[in-house]
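The values are calculated or read from the model by the stated rules, or taken from the named source; none is laboratory data. Note that this is a predicted model, so its numbers are computed, not measured. All Cβ positions, even for glycine, are placed from backbone atoms using ideal geometry, and neighbour counts span all protein chains on display. Only protein heavy atoms, including side chains, enter the accessible area calculation; ligands, DNA and RNA are left aside. Shrake-Rupley method; radii C 1.70, N 1.55, O 1.52, S 1.80 Å.
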Amino acid sequence: MKRTLLAAALMATFVPGPALAASVDPVLEPPVADTNGPTLSQVAMLTRAWSTKAGELSGDPLYFAGAIYHAETGDGRVGLVRRAVTGGAHLQFASTVRGYTIAAPVTDGDSVLTITPDDGVVRAYSPDGADRWTARLGGDQRADWVLATGGLILAAAEFECGRYEGDTCERTVLHAFRADSGRRVWTRELAGGSPVAVAAGDRIAIRTWQDRDELHGDDIIPPGQEPEPIVDDSPALVTVLTAGNRRLWQRPVAGVVSIAADADGVFVAGDRLCAYRAKDGRRSWCAPTSHRHYDLTAADGRLYAAADDLSVPDDHRIAAFDNRTGRRLWTAAGARPYGGITVGNGVVWLVSNTDMPVSRLLALRAEDGRELRRLPLGEYGGSRVALGVNRAFVFHDGRTISAYR
């Protein structure tokens, strides 16, 4: 029976995709060992292995060093939790600190890293929770993420953040720390706030929102007066740096901007989805404006994105593009990411919310977008799917973490 199932799965893997499909590079090794997740044949029989309640969950889960890590908040304290991949039991990890917010954990392949934005402390732990180093960021507020790339840990702080809800900070300072010691290596000041960063190869792409007072008036309102309603259509700013802090290029982009990157390109979805050469910012291709694209993920020679048809209400899809040419390879209907898109072992994973409040764990074949598995998660919320050895991990309903295999 096992032999029959394996043969069928292998045959399915090599069935030609639709006419739009194109060959891509072989599946690359993930940056952290053993994070490819279930294989195509395993996904076909995927079931929930365990589920456990937690505190208030934030961010996304992380699989690393044979365990699953996640951020948890409650009662004025925050911290990281480490769980066994089999059964989900708590494992030793002493990281609880005072505060109200904590970033999702990431890893550089050696440490587990996070930041507590309330006090601006970047924290590095060994896999079992022992303190390795801390570094502090100043600023009016700190971004709720850290990013590991090329032996560096990146974090960002914002300044001159205005007085009213919705104000955009005037400037951002990006900090780079050595991953092994926490020593600050360099800083880079950027216009605007609300920074989001991605990294690939030797390059870092960071997006900030600008608040151009010369166009939209000063944030300072005289006492007793209400601010006038304005629409700030200032463009976002996308800046690309080397890991050594040399600026390669910068460009304004209109619209609500999502970014992704691979070794050769930076992909930007604003009013339009476009790809730019990583080394010099020259535009490579743009997708048609018939769809709004967001939640970008670059993997294995493809760019994956959420795609909403602007002419058809509630038409939500996942689209795959050839990274180099922009050729659309396939779309999968009835899929709307809640938390982002993950790719591993030829499978595209997402928590899909097309008919809120119900969410589902959705697995698509990366080659052609064919649906492999759709499993209910219950009401509300979700996260990016984390992949481990033959397993997938996901948050749902704000307080539950589940494992599938």
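Summary of computed values
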read-out	value
The stretch 106-210: GluC sites (Glu not before Pro) in DSSP coil with no more than 14 other Cβ atoms inside 10 Å	E160, E165
Chain lengthening between A263 and T47 when straightened (0.36 nm per residue, less Cα-Cα)	74.3 nm
More than 22 Å apart - percent of Cα-Cα pairs taken over the stretch 246-341	22 percent
Extension gain, T86 back to D118 (0.36 nm per residue minus Cα-Cα distance, nm)	8.2 nm
Inter-part distance where the stretch 367-393 and the stretch 142-161 are each reduced to a Cα centre, Å	28 Å
Modelled FRET efficiency - R0 35 Å, Y100 with L375, Cβ distances, 0.05 increments	0.60
Histogram of C-alpha separations across the stretch 259-405, 5 Å bin width, %	2, 10, 20, 22, 19, 14, 8, 4, 1, 0
In range of the label at R251: residues from the stretch 310-340 whose backbone nitrogen is under 17 Å from the point 7 Å along Cα→Cβ	323-327
Bins of 5 Å, starting at 0 and running to the largest distance - Cα pair percent for the stretch 25-164	2, 9, 17, 21, 18, 14, 9, 6, 3, 1, 0
Accessible area expressed per residue, the stretch 251-405, with surrounding protein chains retained (probe 1.4 Å, Å²)	38 Å²
Additional length obtainable on full extension of the chain from D271 to T39, 0.36 nm per residue less Cα span	80.0 nm
